[in-house]
1. Could you tell me how many of the residues in the range 49-99 are over 12 Å from the mean Cα position of the chain (by Cα), closer than 26 Å to P136 by Cα and surrounded by fewer than 20 Cβ atoms within 10 Å (Cβ to Cβ)?
2. Answer yes if at least one residue in the range 135-153 is over 21 Å from T35 (Cα atoms) and not small (G, A, S), and no otherwise.
3. Residue by residue through the range 118-137, note down the ones that are in a helix (DSSP H, G or I) and either surrounded by fewer than 16 Cβ atoms within 10 Å (Cβ to Cβ) or in contact with a strand residue (DSSP E or B) (Cβ under 8 Å, 6 or more places away or on another chain) (or both).
4. Confirm whether V34 is out of contact with any Phe, Trp or Tyr (no Cβ under 6 Å at 6 or more places or on another chain) and either of a type in the set (F, W, Y) or under 22 Å from I154 (Cα atoms) (or both).
5. Inside the range 148-163, can you point out the residues that are surrounded by fewer than 18 Cβ atoms within 10 Å (Cβ to Cβ) and not charged (D, E, K, R)?
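Values quoted throughout were computed directly from the atomic coordinates according to the rules given, and no laboratory measurement underlies them. Since we're looking at a predicted model, the values are computed, not measured. Note that we place each Cβ from the backbone using ideal geometry, even for glycine, and neighbour counts take in every protein chain shown.
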Amino acid sequence: MKGRHNMYREKRTWKITTAHITRTGIIAALYVAVTFLLSAISFGPVQVRVAEGLTLLPILFPEAIIGLFLGCLLANLLGPYGAADIVFGSLTTLLAAYVTYRFRQHSFIAYLSPILFNAFLVSLYLYLLFAVPYWPTVLTIGLGQSVAVLGLGIPLLHLLRRQQKNRFRL
């Protein structure tokens with residue numbers, strides 16, 4: 001009978017709560033606010049988009065995937081690179097956030113996905129549409145992403161994990 005139970009695993013359902021919706025909105029708003037507060041370094045082939053430090057949040061909160069996508073979409077709507085950045089930049093963030101969530105148990109992959117996807121994919125559309133040099137742009141965007149994700153995202157993740165542990169300790 002043990003085998004039969006494994007064969008018929010229950011599908012996990014995710015119940016959307018007010019807290020999930022609120023967290024999604026807060027993440028999106030933070031992404032937009034930080035991007036525009038630091039807009040001088042948030043766009044272009046040489047950038048450190050500090051808001052990308054939030055891209056590790058799907059490790060703890062699945063709803064962060066949508067929050068990051070919406071935040072990036074809104075920031076890119078108001079940014080200087082137009083339709084290419086709106087579509088491809090936002091989809092790159094969505095992909096990176098999903099892969100971060102999917103591989104949340106494998107922190108190495110989760111930490112690297114926003115760095116690598118942005119470095120290679122954003123550089124690709126900047127190269128194709130705006131004729132910026134590809135490999136130097138991969139390097140500069142990758143370095144900027146590394147600063148945001150590793151320098152800000154990991155400490156934020158550790159802080160939130162510690163806060164969650166303390167919250168549940170009686």
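1. Count: 11.
2. Scanning the range 135-153, I find at least one residue that is over 21 Å from T35 (Cα atoms) and not small (G, A, S), so the answer is yes.
3. F120, L124, L128, L129, F130, Y134, W135, P136 - these are the residues of the range 118-137 that are in a helix (DSSP H, G or I) and either surrounded by fewer than 16 Cβ atoms within 10 Å (Cβ to Cβ) or in contact with a strand residue (DSSP E or B) (Cβ under 8 Å, 6 or more places away or on another chain) (or both).
4. yes
5. First, the residues of the range 148-163 that are surrounded by fewer than 18 Cβ atoms within 10 Å (Cβ to Cβ): 150-151, 154-156, 158-163.
Hits for the range 148-163 are L150, G151, I154, P155, L156, H158, L159, L160, Q163.
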